[in-house]
Amino acid sequence: MSLKYTISGRLLACLDSSCWIAHAQHARHARRLPLPTHLQIRSYSHHAHNNPKTSISWAALASRSAIAVGVAAGSLQLLTDDSYDNSHGKVKATKIRTFRLAEVKQHDRTPGLLGGTSVYDITDWIEAHPGGEVILAASGGSLEPYWDIFTIHKRPDVYEILEQYKIGEIDDADLKDGRVPHDAIVDPFQHDPGRDARLVTLTPRPRNAETPELGLREFITRNELFYVRNHFWVPAVDGEQHKVTIELTDGSERKYTVKELKERFQTHKVTATLQCAGNRRKSMTEGAGPTNGLQWRAGAISTAEWEGVRLVDVLADAGLNIEELPTDAQHVHFSAMEAYGASIPIRKALDPWGDVLLAFDMNGAELPRDHGYPVRVIVPGTVAARSVKWLSHISISPDESPTQWQQRDYKSFCPSDIKNPNWQSARSIQEMPVTSAITHVEPTRGERGEVESICAEGYAYSGGGREIIRVDVSMDGGRTWHEAELLDAEAKVSGSKAWCWRHWRYKGQVPDDGKTVSEAVLVVKATDEAYNTQPQTYESIFNARGNLATAWDRAKVS
Ligand SMILES: Nc1nc2c(c(=O)[nH]1)N[C@H]1C(S)=C(S)[C@@H](COP(=O)(O)O)O[C@H]1N2
Ligand SMILES: [Mo]
């Protein structure tokens, strides 16, 4: 049996290859087919007289250029074997009519979707599109929240494509001031949990919130103050029934309930800091220019003691030969229940000192829903984007995960590559570089109200399990430095390497060099055990995504 993906060139224009692979893999799961190593591509361009047929590997498919070629050639068809048919997908011409809201909501078979006051039937589109399932959740509701989430689609040409699926308009009788009233639209975030008001909210839906100063100053971050980074809604999961599927390169599968994971494998505790690639992005924006993405200050970082089972134990139990690893076992992909996914290199997954966990407890309590209930991955020392929450599927692959979070969002580029960075050749972020931040400055004032001395505190962290060995502070812009005191030496931690941040404290006199005190600026930089240290300014590490904002942190003293 072969799998066919047939699609018109116009629709294809909205898809990049990562979508394609995800879709193909999804369809393959659904139909229980083994992983193909190559895909046949057949072009249906009107201009191509001989309809050339080519074959590309999964790896090559991950390149955007392969798909760009397909678009240029007109329509194309992807097949998993030699057989193909000529009936490539065509957009149906449909009559426009008016719909009552109730009708749209009742669509059970055909997803009726609202965009503004327009109604779309995207059944065909879903067939050909990864994430289609996710969009089905909007069935009978509004498309906008989903469009917002898949930023990859927020382009005029994609809206144009959507227009082809328009089947009607909402009846005037259901509009208020010419719009569909808010309460008539299904909110995909309606089941999100309640949250602590002390978190510093960047966006409420999806939930993105920083740990407040109080939490940043404690070694273990309390669960309710742990920063939250959600790309979507929080899935409503039945923790008893939920299963994690492990799939090996030969297509064999093994499923485990969370209960089975707990009973079958030894549990381990690992104390680890999670840090978002975008932590301190706002300071990069301020220091070097506009960046895309949530403008986090220094609070997209937190630390917890995680408890779970070792990924390597589960992979071995599922049949992966870790003694003699198959050559096509290069990456471990994690997929989540909403739509998120990412991967890590197999060497990190299997490293006996790597401490990669499938975690179900956080600081001695069940994982909170915002942090991945009932089970998430914890990849210590690695960018938190790989610590996939609401884990549902793990697979072993020769290639990195095809998701936009592996192929695009979490990469960095040459500082001057602003318009057209080479997404494909840039390496995805895994281990984090060294960073530090000032979280608290307390001045002591003299008789005339002038700042005489300060007490400052902050954190320092490095990825890859590299320990922080020193934190230096300066109060004259970096001409003279003082070593700060490293705290947390007594903290009880579990794990094979230095996976946690270190807090630091500095008490000192403000230099009397003739400057007015209002100009005094505190500067901090940390050094890790590899003697890596932070860059002085943002110009040299600027990237349009605003990732890895690790320049010296600065704070006004008064
Ligand atoms: N399923 C899923 N996992 C995910 C994400 C997500 O949106 N969905 N966000 C990732 C990113 S970018 C970060 S920084 C961390 C945040 O974890 P936290 O919310 O527990 O702090 O989760 C990662 N895992
Ligand atoms: Mo992140």
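The values are calculated or read from the model by the stated rules, or taken from the named source; none is laboratory data. Fair warning: this is a prediction, and the values are worked out from it, not measured in the lab. Neighbour counts are summed over all protein chains in view; Cβ atoms, including those assigned to glycine, are modelled from backbone coordinates with ideal geometry. Surface accessibility is based on the protein's heavy atoms, side chains included, excluding ligands, DNA and RNA. Shrake-Rupley method; radii C 1.70, N 1.55, O 1.52, S 1.80 Å.
Looking only at the range 382-394, filter to residues that are part of a strand (DSSP E or B) and open to solvent by less than 20 Å² (accessible area, probe 1.4 Å); which one of those is farthest from ligand 2 (Cβ to nearest atom)?
Among residues in the range 382-394 that are part of a strand (DSSP E or B) and open to solvent by less than 20 Å² (accessible area, probe 1.4 Å), the one farthest from ligand 2 (Cβ to nearest atom) is Ile394.
If you go through the range 293-304 one residue at a time, do you hit one that is in a strand (DSSP E or B), in contact (Cβ under 8 Å) with a residue 24 or more places away in the chain, open to solvent by 40 Å² or more (accessible area, probe 1.4 Å) and closer than 26 Å to Pro402 by Cα?
Scanning the range 293-304 turns up no residue that is in a strand (DSSP E or B), in contact (Cβ under 8 Å) with a residue 24 or more places away in the chain, open to solvent by 40 Å² or more (accessible area, probe 1.4 Å) and closer than 26 Å to Pro402 by Cα.
Among the residues of the range 213-238 satisfying the criterion of being assigned to a helix (DSSP H, G or I) and surrounded by fewer than 18 Cβ atoms within 10 Å (Cβ to Cβ), which is nearest to the chain's Cα centre (by Cα)?
Glu224
Within the range 262-274, track down each residue that is within 16 Å of ligand 2 (Cβ to nearest atom) and in contact with a Gly (Cβ under 8 Å, 6 or more places away or on another chain).
Listed by number, the list holds a single entry, Ala272.
Would you be able to tell me the number of residues in the range 454-481 that are of a type in the set (A, V, I, L, M) and open to solvent by 20 Å² or more (accessible area, probe 1.4 Å)?
Qualifying residue count for the region: 1.
If you take the residues in the range 239-256 that are open to solvent by 20 Å² or more (accessible area, probe 1.4 Å) and outside any loop (DSSP other than H, G, I, E, B), which one is nearest to Ile396 (Cα to Cα)?
Glu253
Take His268 and tell me if it is open to solvent by less than 70 Å² (accessible area, probe 1.4 Å), away from ligand 1 (no atom under 16 Å from the Cβ) and not assigned by TED's automatic domain parsing to the domain that holds Asn543.
yes
Against the definition (within 16 Å of ligand 1 (Cβ to nearest atom) and open to solvent by 20 Å² or more (accessible area, probe 1.4 Å)), how does Asp361 come out, yes or no?
Against the criterion (within 16 Å of ligand 1 (Cβ to nearest atom) and open to solvent by 20 Å² or more (accessible area, probe 1.4 Å)), Asp361 qualifies.
Report, by residue number, each residue of the range 219-237 that is within 15 Å of ligand 2 (Cβ to nearest atom) and aromatic (Phe, Trp, Tyr).
Phe226, Tyr227, Phe232
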